[in-house]
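S.K.: Okay, here's the structure, questions in a sec.
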Amino acid sequence: MRLSRQIRDRLTLEKGERALATAPTRGGSYVVATSTALHLPTPSGTFTRLPWERIDQASWKDGWLHVHETAGGPEHHVRLVEPGSVPETVRERVTATVVISRDARLPGGGTVRIAGRRPATGGDVRWSFVFAPGLDPSDPGLRAQAEQVLQDLRRQTGL
């Protein structure tokens, strides 16, 4: 896909990264989905680059693209004027990074979703925890329990 000059002048792509889909936003900028990341507009006119494996969830509803980063990172909400193939591209690219996703009961009570994701560029699996509501992800004891569950999962799967 060929990017317009307006987008090209403000977007920095990594070596080998190529644009797959773009959509204009209500604010006059663009969302750009590439082979390795989602680029979201910032108020300053630049872009925030989110590698696909750092996106925990993305959804499309009522003209809004909602993106939730992994590991409790920020949420992004962008109003798209003409979505084109951006929502489908985001869904496909995020899903393609998931190697494994399991919900597990923690020994001390509560649950955690453990996700293993591989970057679009390849490489090692990166792990993340999403704790059930009401559990404090910064609690060292809770994190230790989740790490133990992860070690068991890695032994079982060979990852």
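The values are calculated or read from the model by the stated rules, or taken from the named source; none is laboratory data. All of these numbers come straight from a predicted model, not from anything done at the bench. Glycine also receives a Cβ, built like all others from the backbone with ideal geometry; neighbour counts cover every protein chain displayed. When the accessible area is computed, the model is the full protein with side chains, heavy atoms only, and any ligands, DNA or RNA have been set aside. Shrake-Rupley method; radii C 1.70, N 1.55, O 1.52, S 1.80 Å.
S.K.: Hey, among PRO43, PRO74, PRO83, which residue is without any contact (Cβ under 8 Å) to a residue 24 or more places away in the chain and either among the hydroxyl-bearing types (Ser, Thr, Tyr) or over 27 Å from ILE100 (Cβ atoms) (or both)?
M.R.: None of the other options fit; the residue is PRO43.
S.K.: Okay, next question. Is it true that some residue in segment 45-57 is of a type in the set (Gly, Ala, Ser) and surrounded by 13 or more Cβ atoms within 10 Å (Cβ to Cβ)?
M.R.: No: zero hits.
S.K.: Determine, yes or no, whether THR89 is free of Cβ contacts under 8 Å to residues at least 40 places away in the same chain and polar (S, T, N, Q).
M.R.: Judged against the criteria, THR89 is not a match.
S.K.: Looking at segment 68-79, is at least one residue open to solvent by 50 Å² or more (accessible area, probe 1.4 Å), out of contact with any strand residue (DSSP E or B) (no Cβ under 6 Å at 6 or more places or on another chain) and not polar (S, T, N, Q)?
M.R.: Yes.
S.K.: If the Cβ limit is 8 Å and pairs must be 6+ apart or interchain, which residue in segment 24-40 that is under 15 Å from THR121 (Cβ atoms) pairs with which residue that is among the hydrophobic types (A, V, I, L, M, F, W, C) and open to solvent by 20 Å² or more (accessible area, probe 1.4 Å)?
M.R.: Pairs that qualify, where the first residue is under 15 Å from THR121 (Cβ atoms) and the partner is among the hydrophobic types (A, V, I, L, M, F, W, C) and open to solvent by 20 Å² or more (accessible area, probe 1.4 Å), are THR34/LEU13; THR34/LEU20; SER35/LEU20; SER35/ALA120; THR36/ALA120; ALA37/ALA120; LEU38/ALA58.
S.K.: Please enumerate the residues belonging to segment 55-94 that are in a strand (DSSP E or B) and under 12 Å from the mean Cα position of the chain (by Cα).
M.R.: ILE55, ASP56, GLN57, ALA58, SER59, HIS66, VAL67, HIS68, GLU69, GLU75, HIS76
S.K.: Write out, first by first residue and then by second, each pair whose Cβ atoms fall under 7 Å of each other, whose residues are 6+ apart or on separate chains, and whose first residue, in segment 131-159, is part of a loop (DSSP other than H, G, I, E, B) while the second is open to solvent by 70 Å² or more (accessible area, probe 1.4 Å) and not charged (D, E, K, R).
M.R.: The qualifying pairs are PRO137/GLY72.
S.K.: Ok, one more. Assess whether GLU82 counts as being more than 26 Å from LEU159 (Cβ to Cβ), loosely packed, with under 13 Cβ neighbours inside 10 Å and touching an Asp or Glu at 6+ places or on another chain (Cβ under 9 Å).
M.R.: No; evaluated as a whole, the condition is false for this residue.
S.K.: Before we move on, is GLU17 on the phi < 0 side of the Ramachandran plot and either of a type in the set (Lys, Arg) or open to solvent by 30 Å² or more (accessible area, probe 1.4 Å) (or both)?
M.R.: No: the conditions fail for GLU17.
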